[in-house]
Amino acid sequence: RDPGAGLKPLIDSLARPEVLNSPALVALLAAVLLDCGMSQQLSGEVRKRAVATLREDSSFGRSAYYDLVARTLTDPPAAPRPLASHVGLSQTAAQAALWLHQLSDITPQVRLESEALPVSGPPLMVYVTAKADWSRPGASHIVLRIDLYNVTGLSLQNVQLCLGVTSVGDEGEAWSFLPGLSRPQEHKIEAMRCRSSETVWRDLLVHSPRPLSIIVNVAYDGAGPDGAAPLPSRSPSRTMSMNADTWSDDEDDESSMCFRCQPYLLPSTAFFCPFRGFDSPRGSAYPPPIIFTACPHSRTERLDAAPEPEHWRPLGFHLIQQDGCQQIMRDVKACYAALAFDGLTLICILQRMEGSVGIFDLRSNSETAVASFADNLQSW
């Protein structure tokens, strides 16, 4: 793999006339490329113009540093000293960005409580709410609240609820129930009176940021007026063997019903929180060059009929502001950054548009994470 492929956007940016006219941008980009050993990929003309720009600025306090960068560009020493080590070296860039994130004025979001979403219609309404807590190292603790509402004037008897989880992809275990809990996750209610409700709580641990869907299966034996004698409970094996996608057509027990609710996709805020380490404090270049060194692993994905950046904001991601910044990549319309629940994995999205086609440059400090995120981009 070409080690300089991830820095090509910075190499191309330094050749643009509007960037070459800014000593601050030239110094920043040149220092990063020099520290990464990629300055040799600059053409002789670009190198010459960059040196000239740096030497034209004689501002007090900056001219010495600019002159050092210019001399290093002109005649690189055998053992050069780091010029922008905190952003120019991938080993320290991610650490510096994480440090700046912790020092940002806005407290990072590490807890989620989603809105209750309906996953089933009458006669038994089912709502799912999710909470996420990141206090466990390397895991996202998801607490699920499942509310059932009997909206009929009848009593539903022997109500059984079974919880399942499906994940996208098969690379490793994405989730698990809390220690001590076994599968299947079932809950039984002897009777739900008319206009009554029940609440069921379930927990699971998420171990990798991968789209997960919660599946709720519901079954009940029959409906009758309040106060009627309860029906004999159906065996769990029979409940779970029924077709979960349709109403039961069992001729021996026509009042029995079993159905699968609409899948509940866990929101991305269960896995990511907004990351502010790339623009806190704000710099003069957009997108921030530290992204390319802190997140050296990249994938590019194209999506047809993608939403315009002003109409789309990925949940759990921070939108990096570009007002007042110099564009070093003119075709980047939006830039988002997020930190995964492990507190170490960074995900960055650079969005470009070609007509109605969205081009998403995905970057991360983890090769596994960027591959998984790119493979499941449409699910996010």
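Some points to look at:
- Within region 213-226, residues that are within 16 Å of TYR149 (Cα to Cα) and modelled with pLDDT of 90 or more sit with their Cβ atoms under 7 Å from residues that are of a type in the set (Val, Ile, Thr) and open to solvent by 10 Å² or more (accessible area, probe 1.4 Å), at 6+ positions apart or across chains, in these pairs: VAL216/VAL119.
- If you filter region 314-365 down to residues that are within 19 Å of ALA270 (Cβ to Cβ) and polar (S, T, N, Q), you find that the one that is surrounded by the fewest Cβ atoms within 10 Å (Cβ to Cβ) is THR345.
- The single condition among (1) at pLDDT 85 or above; (2) open to solvent by less than 50 Å² (accessible area, probe 1.4 Å); (3) not hydroxyl-bearing (Ser, Thr, Tyr) that PRO108 does not satisfy is (1).
- Residues within region 257-272 that are touching a Pro at 6+ places or on another chain (Cβ under 8 Å), surrounded by fewer than 24 Cβ atoms within 10 Å (Cβ to Cβ) and either within 21 Å of ARG352 (Cα to Cα) or among the hydrophobic types (A, V, I, L, M, F, W, C) (or both), tallied: 1
- If you go through region 345-375 and keep only what is at pLDDT below 90 and part of a loop (DSSP other than H, G, I, E, B), you end up with GLY355, SER356.
Residue-wise test of (1) free of Cβ contacts under 8 Å to residues at least 12 places away in the same chain; (2) assigned to a helix (DSSP H, G or I); (3) open to solvent by 50 Å² or more (accessible area, probe 1.4 Å); (4) among the aromatic types (Phe, Trp, Tyr).
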| site | (1), (2), (3), (4) |
| --- | --- |
| VAL19 | no, yes, no, no |
| ALA24 | no, yes, no, no |
| LEU28 | no, yes, yes, no |
| LEU34 | no, yes, no, no |
| GLY37 | yes, no, no, no |
| LYS48 | yes, yes, yes, no |
| THR53 | no, yes, no, no |
| ALA64 | yes, yes, yes, no |
| LEU68 | no, yes, no, no |
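The values are calculated or read from the model by the stated rules, or taken from the named source; none is laboratory data. In this text the structure is predicted, and so the values were computed from the model without any measurement. Methodologically, a virtual Cβ is constructed for each residue, glycine included, from the backbone with ideal geometry; neighbour enumeration extends over all protein chains shown. Areas reflect the complete protein model, heavy atoms only, side chains present, ligands, DNA and RNA absent. Shrake-Rupley method; radii C 1.70, N 1.55, O 1.52, S 1.80 Å.
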